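**Q** Have a look at this one before I ask anything.
The values are calculated or read from the model by the stated rules, or taken from the named source; none is laboratory data. Predicted, not measured: the structure shown is a model, and the values here were computed from it. All Cβ positions, even for glycine, are placed from backbone atoms using ideal geometry, and neighbour counts span all protein chains on display. Only protein heavy atoms, including side chains, enter the accessible area calculation; ligands, DNA and RNA are left aside. Shrake-Rupley method; radii C 1.70, N 1.55, O 1.52, S 1.80 Å.
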Amino acid sequence: MNKPFISTNSRSNADLDQRAIAILRENEWGDYTLPTKGLYPYQWNWDSMFVALGFSEFDLDRAWTEVETLFQGQWDNGMAAHIVFRQDDPSYFPGPKIWGSSHNPENPPTSGCSQPPVAATIVKDLYEKNPAAGKQRLEEIFPKLMKWHRWFHTMRIISGGAAIAVTHPWESGRDNSPDWDKALADVDPTGIQPYERKDTSHVDPSMRPTKFEYDRYLKLVEWGRERGWDHANITREGPFAVADPGITFILMRADRDLRSLALLLGKESAAHEIDTWLYRSQHAANYLWNDEIDAYAARNLRNGQHADGVSSVSFLSYYAGIAVPKRDARLQKTLDRILEASPYSVPSFDPEHPKFDSCRYWRGPTWAIVNYLIARGLQEYGFEEKAKRIRTDTRKMIQTSGFFEYFDPLTGEGAGGNNFTWTAAIWLAWASPMTD
Ligand code: GLC
């Protein structure tokens, strides 16, 4: 079992650069990369894209390959799945049989939902590193990205709305965030098949979701499987549909980047289609804004109820390209308060909220990948000091604790899985002094 630790002698930055490269290499599984051996033995969607960013610092060809293998699991309806299984590994639950999503027998088996679409933005980054080397690969990946974004804009929007729904907390990438608590409590888990968790044999159970949550996660998988993974139907009628500020903002950013790639490739009609998606952005941001907490917050699409706490993804509005001056003044105050309360920012949930839990996954811990996205947006909008603070915090956590899955925002201690590829990737691409 991985125990968190604080090393007494923090290693030199050059050693950390080398160690980060080694972590990516050790977790390569042929042409794709695992989040970390043991705990997560398959290819995960957004993990792989951050990993591609990490690879692009020292092996750009391998970075493109990572993106290409992820799309081997793309569904005919456009969805890029959250996990691409390829083989059944008994150390992980729930595997391909539980998901039962044989969408296309020619492709590898996958899970039945998606994950935050950081891919188009990262593809643009890879292309810009070496346009000549990337042009052909960009041509090939572009239609797949387009199809996936179209899937979000048709299958995950409830008619008349604009914010993107998640129909399973796993789709958000923020599995047990308090953002889902109320909507998840409405899911009746009666009748689920008996099951045995595997995650809690790899990691301390106090750092993982509870049984209450897990029962409902599995109910949602069973529900989707019984409906043959008809995504439109699941979004419209399923037991769980919550508008997620994380995916909504990440997709807005990815749409803008995809649009510039479309123009670069001379695909005017694709750019036009993306314009229609972007047109709705402001409306989505309005829908998510919660006046009571001065932040963007998740919102239950079945009853309009807002989540009542601030998640770190609230601050992705800048990354998304959303700027509303009156609101931003309030959002900045919220960010100031949270930075003040957490020495190792940005905590995944408000440290002054009663539901904050500094070690439990998405209920408090700081995640390097989210920090990277938040800081990227803040930097673009001229909030340089805050972007710098977030980068320095990320650097310090990795220097003192190592490449953990996530970190305690109060102490900087690493938690969850160790030797984690996305933390190594963010070190290489952004947090290491090498990138100064
Ligand atoms: C957990 C995280 C998710 C991540 C996956 C693999 O499920 O919540 O965001 O993609 O692990 O690292």
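**Q** At 20 °C and a viscosity of 1.002 mPa s, what translational diffusion coefficient does Stokes-Einstein give for region 374-436, taking Rh as the Kirkwood radius over Cα pairs? Give it in µm²/s as a whole number. Please list the in-between numbers first.
**A** Values: Rh = 12.0 Å.
The diffusion coefficient I find is 179 µm²/s.
**Q** Only sites in a loop by DSSP and with at most 11 other Cβ atoms within 10 Å count here; which GluC sites (Glu not before Pro) in region 366-407 make the cut? List each step's numbers first, then the result.
**A** Values: sites: GLU380, GLU384, GLU385, GLU405; in loops: GLU405.
Taking region 366-407 and a limit of 11 other Cβ atoms within 10 Å, no loop GluC sites (Glu not before Pro) are found.
**Q** Projected onto the charge dipole of the chain (+1 at Lys/Arg Cβ, -1 at Asp/Glu Cβ, origin at the Cα centre), which of GLY402, ALA14, HIS149 gives the Cα projection farthest towards the positive end?
**A** HIS149
**Q** Grab the DSSP H runs of the chain that are 4 residues or longer, score each as -39,500 (n - 2.57), total them, divide by all residues and round the 222 nm result to the nearest 500 deg cm²/dmol.
**A** Values: 19 runs with 210 residues, N = 436.
So the helix-based figure for the chain works out to -14500 deg cm²/dmol.
**Q** Could you order peptides 122-129, 261-268 by the average number of other Cβ atoms within 10 Å of their residues, highest first?
**A** Numbers: 122-129: 19.1, 261-268: 15.6.
Top of the packing list down: 122-129, 261-268.
**Q** So what is the relative contact order for the chain, in percent, with contacts set as C-alpha pairs under 8 Å and at least six apart?
**A** On the way: 823 pairs, mean separation 87.5, N = 436.
20 percent.
**Q** Something else now. Using 0.36 nm times the number of residues separating LYS326 and ASP436, minus their current alpha carbon distance, what extension gain do you get?
**A** Working: separation 110, 0.36 × 110 = 39.60 nm, distance 3.31 nm.
Additional length available on full extension: 36.3 nm.
**Q** Let me ask something else. Rounded to a whole number, what is D in µm²/s for region 213-255 from Stokes-Einstein with the Kirkwood radius over alpha-carbon pairs (25 °C, 0.890 mPa s)? Please list the in-between numbers first.
**A** Working: Rh = 11.7 Å.
Estimated diffusion coefficient is 209 µm²/s.
**Q** With the Cα gyration tensor of region 100-253 in hand, convert its eigenvalues to equivalent ellipsoid semi-axes via √(5λ) and list them largest first in whole Å.
**A** Details: eigenvalues 182, 69, 56 Å².
Gyration-tensor ellipsoid for region 100-253: 30, 19, 17 Å.
**Q** A further question follows. Which entries in LYS129/LYS267; LYS97/LYS219; LYS37/LYS211 show an alpha-carbon gap greater than 19 Å? Can you show the working numbers first?
**A** On the way: LYS129/LYS267 21 Å; LYS97/LYS219 15 Å; LYS37/LYS211 24 Å.
LYS129/LYS267; LYS37/LYS211, as the Cα separations exceed 19 Å there.
**Q** Suppose accessible area is computed on protein heavy atoms with a 1.4 Å probe; arrange CYS359, CYS113 from highest to lowest. Mind dumping the intermediate values first?
**A** Details: CYS359 40, CYS113 5 Å².
Listed by decreasing accessible area, they come as CYS359, CYS113.
**Q** Hey, another quick one. Starting from the 7 Å offset along Cα-to-Cβ, what nm value, one decimal, do you get for the label separation of GLU128 and ASN286?
**A** Between GLU128 and ASN286, the label points sit 3.1 nm apart.
**Q** Trypsin sites (Lys or Arg not before Pro), restricted to region 169-242: which are DSSP loop and have at most 15 other Cβ atoms within 10 Å? Before the final figure, lay out each step's value.
**A** Numbers: sites: ARG174, LYS182, ARG197, LYS198, LYS211, ARG216, LYS219, ARG225, ARG227, ARG236; in loops: ARG174, ARG197, LYS198, ARG227.
Here the sparse-neighbourhood loop sites are ARG197, ARG227.
**Q** Principal axis lengths of the chain from Cα atoms, whole Å, largest first?
**A** Largest first, the chain extends 54, 51, 51 Å along its Cα principal axes.
**Q** Might you tell me the accessible area per residue for region 126-172, computed with a 1.4 Å probe and given in Å²? Walk me through the numbers before you get to the answer.
**A** On the way: 1780 Å² over 47 residues.
So region 126-172 comes to 38 Å² accessible per residue, rounded to a whole number.
**Q** Run the dipole for the chain about the Cα centre, Lys and Arg Cβ at +1, Asp and Glu Cβ at -1, nothing else charged, and hand back the magnitude in debye, nearest 20. Kindly include the intermediate steps, with their values, before the conclusion.
**A** On the way: 49 positive and 58 negative charges, 67 e Å.
In total the dipole reaches around 320 debye.
**Q** Around THR392, under 14 Å between beta carbons, what's the net of Lys plus Arg minus Asp minus Glu among the other residues? It would help to have the intermediate numbers written out before the result.
**A** Working: positive: LYS386, LYS388, ARG389, ARG391, ARG395, LYS396; negative: GLU384, GLU385, ASP393, ASP436.
Overall, the nearby charge balance is +2.
**Q** Tally up the carbon and sulfur contribution to the accessible surface of region 21-155 as a whole percent, 1.4 Å probe, everything protein left in place.
**A** Answer for region 21-155: carbon and sulfur cover 52 percent of the accessible area.
**Q** Can I ask one more? Calculate what fraction, in whole %, of the accessible area of region 289-436 sits on carbon and sulfur atoms when a 1.4 Å probe is rolled over the protein chains. Write down the numbers at each step before the final one.
**A** Values: 2360 of 4930 Å².
Of the solvent-accessible surface of region 289-436, carbon and sulfur hold 48 percent.
**Q** Leaving out ligands and nucleic acids, and using a 1.4 Å probe, what accessible area per residue does region 191-291 come to in Å²? Walk me through the numbers before you get to the answer.
**A** On the way: 4250 Å² over 101 residues.
I get 42 Å² per residue for region 191-291.
**Q** Also, quick follow-up: What shape does region 34-121 have by the C-alpha gyration tensor, where a ≥ b ≥ c are the square roots of the eigenvalues, rounded means a/c under 1.5, and otherwise prolate means a/b greater than b/c and oblate the rest? Can you show the working numbers first?
**A** Numbers: a/c = 2.08, a/b = 1.40, b/c = 1.49.
Judged from the Cα gyration tensor, region 34-121 comes out oblate (a/c at least 1.5, b/c at or above a/b).
**Q** Turning to a different aspect of this structure: Can you check what the net charge comes to around ALA307, using other residues whose Cβ is under 11 Å from the Cβ of ALA307 (Lys, Arg +1; Asp, Glu -1)? Walk me through the numbers before you get to the answer.
**A** Details: positive: LYS182, ARG299, LYS355; negative: ASP179, ASP181, ASP244, GLU292, ASP308, ASP350.
Result for the neighbourhood of ALA307: -3.
**Q** Sticking with this one: Any number yet on Rg/Rh for region 328-408, C-alpha, Kirkwood?
**A** Values: Rg = 12.1 Å, Rh = 12.8 Å.
Reported Rg/Rh (Cα atoms, Kirkwood Rh): 0.95.
**Q** Here is a further query. In Å², what does the accessible area per residue of region 295-376 work out to with a 1.4 Å probe?
**A** Per residue, region 295-376 has an accessible area of 32 Å².
**Q** How many angstrom separate the Cα center of region 17-62 from the Cα center of region 247-269?
**A** 25 Å
**Q** Alpha carbons only, please: Rg and Dmax for region 175-334, in angstrom.
**A** 18.6, 53
**Q** Pull out a ≥ b ≥ c, the square roots of the eigenvalues of the alpha-carbon gyration tensor of region 300-436, then state rounded if a/c is under 1.5, prolate if not and a/b is larger than b/c, and oblate in the remaining case. All intermediate terms of the calculation are to be shown ahead of the outcome.
**A** Working: a/c = 1.80, a/b = 1.25, b/c = 1.44.
Oblate is the answer for region 300-436, as a/c is 1.5 or above yet b/c matches or exceeds a/b.
**Q** Please give me, ordered by residue number, the trypsin sites (Lys or Arg not before Pro) of region 365-429 that lie in loop per DSSP and have at most 12 other Cβ atoms within 10 Å. Write down the numbers at each step before the final one.
**A** Working: sites: ARG376, LYS386, LYS388, ARG389, ARG391, ARG395, LYS396; in loops: none.
Here no loop site has a sparse enough neighbourhood.
**Q** Quick check: convex hull of the Cα atoms in region 168-239, volume per residue, rounded to a whole Å³?
**A** Values: hull volume 7.4 nm³, N = 72.
Measuring per residue, one finds 102 Å³ for the Cα hull of region 168-239.
**Q** Let me ask you something else. Where a ≥ b ≥ c are the square roots of the eigenvalues of the C-alpha gyration tensor, would you call region 1-152 rounded, which needs a/c under 1.5, or, failing that, prolate if a/b is larger than b/c, or oblate? Spell out each step's value before the answer.
**A** Values: a/c = 2.32, a/b = 1.18, b/c = 1.97.
Oblate, because a/c is 1.5 or more while a/b does not exceed b/c.
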